[in-house]
Amino acid sequence: MSTKTSAKTLYQWKCFSIEQEHHQLPDGRNIEFTTVKHPGAVIIVPINHSGDLVLVHQYRPAIKQWILEFPAGTLESKEDILNCAKRELAEEVNLKAESWQSLGELLPVPGFCDEVQYLFLAQELSETAGELDDDEVIEVVTMSVNEFEQKVLNNEIQDGKTLATYLKIKMMGIV
């Protein structure tokens, strides 16, 4: 395991920062490494009473296009992980769930970022009021598992966290 010996913040923006760190690697070598520090995020797989998946069709300015993805969001400072999932489900798709199941974690870009994504299954859904963040443009989309898989095959679903989370629920026998 690597040991961090010192760190310097190069840039701070909202809840993200870029830090330059000195590490001692497991083989004893010392290196300087730059890391994007991230508070963590949640990814929610909402499945309605019909067994359909609820996704968001969201405009992503970084890539200047719309993508299909599961609802997700960044943890706020000291926020409980499950509470974050509940908040994001309400904000993005105006739903609440009576049944929650943790599905594990993903490490989306461990080569340069310390983000951990916490996965949740949300079931027994009902409507609730939510409010999008100022920078979000979202359309709620519901589709069957077959439709979802066809969109994956047609390259219409490209979001890595959505694909990885779907693989997990498929392997767990949830869908």
With a 1.4 Å probe and all protein chains left in place, how much accessible area per residue does the chain have, in Å²? 58
Given axes a ≥ b ≥ c from the Cα gyration tensor, I'd like to know whether segment 16-83 is rounded (a/c under 1.5), prolate (a/b larger than b/c) or oblate. prolate
Whats the longest run of the chain with zero trypsin sites (Lys or Arg not before Pro) that are DSSP loop and have at most 13 other Cβ atoms within 10 Å? 79-175
For the chain, what's the relative contact order in percent, using C-alpha pairs closer than 8 Å and at least 6 residues apart? 22
What list of ³J(HN,Hα) values in whole Hz, one per residue of segment 155-167 in order, does the Karplus curve 6.51 cos²θ - 1.76 cosθ + 1.60 (θ = phi - 60°) give from phi, with Gly and Pro shown as x? 6, 8, 10, 10, 5, x, 5, 5, 5, 5, 5, 4, 4
Gyration tensor verdict on the chain (Cα atoms; rounded if a/c is under 1.5, prolate if a/b is larger than b/c, oblate otherwise): prolate
To make sure I understand the rule: partners must be lysines, Cα under 18 Å from the Cα of LYS14, and not fewer than 8 residues away in the same chain. Which ones qualify? LYS37, LYS78
Less than 30 Å apart at the alpha-carbon level, and either on another chain or at least 8 residues along: which lysines does that give for LYS151? LYS64, LYS86, LYS96, LYS161, LYS168, LYS170
With the 8 Å Cα cutoff and a minimum separation of six or more residues, segment 20-101 has a relative contact order in percent of 22
Tell me the label-point distance for the pair LEU82, PHE112, using the 7 Å Cα-to-Cβ offset, in nm and rounded to one decimal. 3.6
Based on the Cβ-Cβ distance from ASN146 to GLN24, what FRET efficiency comes out when R0 is 45 Å, to the nearest 0.05? 0.35
Under a crude label model (7 Å from the Cα following the beta-carbon direction), how far is LEU153 from ALA129 in nanometres? 4.4
Tell me the angle of helix 81-93 to the major Cα principal axis of the chain, expressed in degrees between 0 and 90 and rounded to the nearest ten. 50
Per the 1.4 Å probe, what fraction of the accessible area of segment 68-175, in percent, lies on carbon and sulfur atoms? 48
The correct ranking of SER126, SER102 by accessible area at 1.4 Å, largest first, is SER102, SER126
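The values are calculated or read from the model by the stated rules, or taken from the named source; none is laboratory data. Keep in mind that what you see is a predicted model, and the values were worked out from it rather than measured. Here Cβ is always computed from backbone atoms with ideal geometry, including for glycine, and neighbour counts include all displayed protein chains. Just so you know, the surface numbers come from the protein's heavy atoms only, side chains and all, with ligands and any DNA or RNA stripped out. Shrake-Rupley method; radii C 1.70, N 1.55, O 1.52, S 1.80 Å.
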